[in-house]
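The values are calculated or read from the model by the stated rules, or taken from the named source; none is laboratory data. Everything numeric here is computed off the predicted structure, so don't read it as measured data. Ideal geometry is used to build each Cβ from the backbone, glycine not excepted, and the neighbour counts take in all protein chains shown. Protein only, heavy atoms only, side chains kept; ligands, DNA and RNA dropped before computing areas. Shrake-Rupley method; radii C 1.70, N 1.55, O 1.52, S 1.80 Å.
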Amino acid sequence: MSQAPIVRLQDVTKVIGKRTIIDRVSFEVRPGEVFGFLGPNGSGKTTTIRMMVGLMGLTSGDIHIGGHSIRTDFPKAIVQVGAIVENPEMYKFLTGYQNLLHYARMNSSITKERIQEAIELVGLQDRIHDKVKKYSLGMRQRLGVAQAIMHRPKLLVLDEPTNGLDPAGIRELRDYLRLLARDEGTAVVVSSHMLSEMELMCDRVAILQKGQIIDVRSIRGESGVGSKPTLEEVQFDVDHPDAALGILEGQGSGRISDGLLTLSSDRAGIAAINRRLVEAGINIYGIRVKTKSLEDQFLEMTGSETIG
Amino acid sequence: MVNYIKLIQNENMKIYRRVGTWIMLSFIVLIPILVSLVVLLAGGDDDTTSWPLIMLESYFLFSLIIIFTVVVSSDTVAGEFSRGTIKLLLIRPWSRSAILLSKYIATMMFALFFTIVAFIVTMLINLALFGSTSDSNDLGGIVSTGIVGWGDVLQYYLYQFVTLIIIVTFGFMMSSAFRSSGLAIGLSIGFLFAGNIITGLFAMADKVWVKYVLFMHLDLTSYMDGGTGPIPSHPMTLGFSLGVLAAYFAIFNLISWTVFRKRDITA
Ligand SMILES: Nc1ncnc2c1ncn2[C@@H]1O[C@H](COP(=O)(O)OP(=O)(O)OP(=O)(O)O)[C@@H](O)[C@H]1O
Ligand SMILES: [Mg+2]
């Protein structure tokens, strides 16, 4: 964790007209880290990514990539970046290969062999000489990934890369991104709506809402599985929920939902509650700990439609 | 430098890998051939000489080349925005100015290529069919000056090419400033055809500033044969016209580059 970050955003702010679309967003991504960008529609994921790759100017703040500012040192900063921004739009009247050649010509480090390698990596070798207008969305997405990785960027920025991919494609991409991060030390920034996807793919996830980062959390926490001292929601399936609730009076906020006694507690607490209920003669048929998925936490934080 | 040529190569690939470009080229090749053949078959007698026909065809071809170049130039900039490909194009280790310049150069190369083709085809077909008797015989009054030789034709092409550069630069500016190819194409072509009418209207105004209006200088061929320019009431010199055009050229390019460099890409 001592390595210098590959990309660093400092108080990045974007104001369009009178609206603040991105509000003092700061984060860093280190080599070998897969960083997720999660947020509801219109929260500013794409806008942040556009600023990271220099497509949009910053109202204030700065973004450094490999130590070079995207504002003042654009070519040196961007040469270390591979990206897909929103949909992978390609030249439809060119073949897939000609598209890759087009981008390869703009970066002197890319050899013909490397283009071929990238094509094989994304599994497009059979269709690479077809015109892109004949490609499916998933094939265009794969071509998009190929152009993004061709020059072995230190930072890979992918805006909703799984969009349009089939399950096998998603899995391949996920495995490939993890491989890139682990073996080549690439820093990867992905945004996605597929929350469960993010859990599988990312080391850390930033949750964005209305242009602000409201939380950054590690997915592969240092604390290890199952020993989190956090409160979880626990459901007790008992024969007399009302009576049980009475017995537990004064033990925090319990409630009855769907005929189940529901309360929040940690591991030690569950054992204590169980003992008390048994001692009071309540029959317990089951205890279920409702582990919140990232998706639940995410919805809770950003608010569902009914709240928002 | 070698690397920069690759940028131009890219732009060329995007122009010449399209069927439309080759259809345009076939117009440039076929029109003079067909026109000359029709004239020959319609009893082009011994009086018919090459030069007037060469001028007539060149005049028409130039309008066509200007339209084609404006279409290509607006596609090369505004088209990237409307297709969304501008995003992947601009996230490369090149400044936006460098990328825009490669597009401008490719556009001008396209215009030059088409002009050379037009020149060669018109010359060859007419000299082959009619020979080069240097007898001045104006055709329908469309080309008013008595053009009688190579020198005149070359001069005509040169003057017309200057007009082309200005109109295409204007289209290029519209395309990079407004990112709309329709607007760029429409206005530039409007420029081309309304030019004469507007010139006439302005010429009636007896004001000094009329001399600085762009439209007054778009038809440099009126200086051929010692003419005094497009407005009889305001005699001017070729040098003056070129000076005014150069100023507009600089302004158009300044706007293109400034807007393109600053603009947020939201395509
Ligand atoms: N060019 C623009 N002008 C004004 N507002 C804009 C512009 N582009 C985006 N916005 C606004 O900025 C906010 C963030 O948009 P952005 O596209 O970054 O969201 P997002 O998180 O990528 O959403 P999605 O999940 O739908 O892709 C939105 O409220 C949007 O309306
Ligand atoms: Mg988005």
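Shielding of peptide A:97-103 by partners, expressed as the average count of other chain Cβ atoms within 10 Å per residue Cβ, is 4. Using C-alpha pairs below 8 Å separated by at least 6 residues, the relative contact order for chain A is 19 percent. Going down the list A:K14/B:K87; A:K210/B:K262; B:K207/B:K262; A:K14/B:K14, which pairs span over 30 Å between their C-alpha atoms? Result: B:K207/B:K262; A:K14/B:K14 exceed 30 Å.
Rounded to the nearest 0.05, what FRET efficiency do A:V15 and B:R261 have when you use their Cβ-Cβ distance and R0 = 25 Å? After rounding, the FRET efficiency stands at 0.80. If the segment from A:K112 to A:K133 were pulled out straight at 0.36 nm per residue, it would be longer than the present Cα-Cα gap by 5.2 nm.
Would you mind computing the Rg to Rh ratio of segment A:1-71 from its alpha-carbon coordinates, Kirkwood style for Rh? Numbers along the way, then the final one.
Working: Rg = 12.3 Å, Rh = 12.6 Å.
Result for segment A:1-71 is an Rg/Rh of 0.97.
Extending 7 Å from the Cα toward the beta-carbon at both B:S95 and B:A194 defines two label points whose distance is 3.6 nm. Here's the list of aspartates and glutamates a cross-link from A:K290 could span, going by alpha-carbon distance under 18 Å and ignoring same-chain residues fewer than 8 apart: A:E199, A:E232, A:E233, A:D237, A:D258, A:D266, A:E300. If you wrap the tightest convex hull around every Cα atom of the protein assembly as shown and split its volume per residue, you get 209 Å³.
Note on segment A:100-238: Kirkwood radius taken over Cα pairs, Stokes-Einstein applied at 10 °C and 1.306 mPa s, translational D equal to 92 µm² s⁻¹. With a Förster radius of 56 Å applied to the C-beta separation of B:I105 and A:N283, the computed FRET efficiency comes to 0.10.
Centre-to-centre, using Cα atoms only, segment A:194-215 and segment B:197-267 are separated by 56 Å. Counting Lys and Arg as +1 and Asp and Glu as -1 over every other residue whose Cβ lies under 12 Å from the Cβ of A:G42, the net charge comes to +3.
Given a 10 angstrom Cα cut-off, can you work out which residue in A:Q212, A:Q235, A:Q125 is the most mobile in a GNM of chain A? Checking each option, the largest mean-square fluctuation is seen for A:Q235. For A:I84, the residues whose modelled amide H falls within less than 5 Å of its own, excluding neighbours fewer than 5 places apart on the same chain, are A:V157, A:L158, A:D159. On the basis of the beta-carbon distance and an R0 of 35 Å, A:E86 and A:R275 show a calculated FRET efficiency of 0.05. Between A:R24, A:R204, A:R267, the GNM of chain A built on Cα springs shorter than 10 angstrom shows A:R267 fluctuating the most. Per-residue ellipticity at 222 nm computed for the protein assembly as shown from its helices equals -16500 deg cm²/dmol, with DSSP H segments shorter than 4 residues left out and the rest contributing -39,500 (n - 2.57). Shown here is the pair-distance distribution of chain A: with all Cα-Cα distances grouped in 10 Å bins from zero up to the longest one, the shares run 6, 23, 26, 20, 12, 8, 4, 1 percent.
The residues packed around A:S192, meaning those with a beta-carbon under 11 Å from its beta-carbon, carry a net charge of -2 if Lys and Arg are +1 and Asp and Glu are -1. The HN-Hα couplings worked out from phi for segment A:109-124 by the Karplus form 6.51 cos²θ - 1.76 cosθ + 1.60 (θ = phi - 60°) are 7, 8, 8, 4, 5, 5, 4, 4, 4, 5, 4, 5, 4, 8, x, 9 Hz, whole numbers, x standing for Gly and Pro. Residues whose amide H lies under 5 Å from that of A:L208, counting only those 5 or more places away or on a different chain, are A:L38, A:G39, A:I214; hydrogens are built 1.01 Å from N in the peptide plane. Distance between the modelled labels on B:Q9 and A:H240, one decimal in nanometres: 8.7 nm (7 Å Cα→Cβ projection). Here the label points at B:W22 and A:D215, each 7 Å from Cα along the C-beta direction, are separated by 5.9 nm in the simple model. Of A:H240, A:H64, the residue with the largest accessible area leads and the full order is A:H240, A:H64 (1.4 Å probe).
Grab the alpha carbons of chain B, take their convex hull, and tell me the volume per residue in Å³. Display every interim value, and only then the final one.
Values: hull volume 37.9 nm³, N = 267.
Cα convex hull per residue, to the nearest whole number: 142 Å³.
Axis of helix B:150-178 versus longest Cα principal axis of chain B: the two differ by about 30°, to the nearest ten degrees. Build a GNM of chain A with springs between Cα atoms under 10 Å apart, and of A:P75, A:P31, A:P153 the one that fluctuates most is A:P75.
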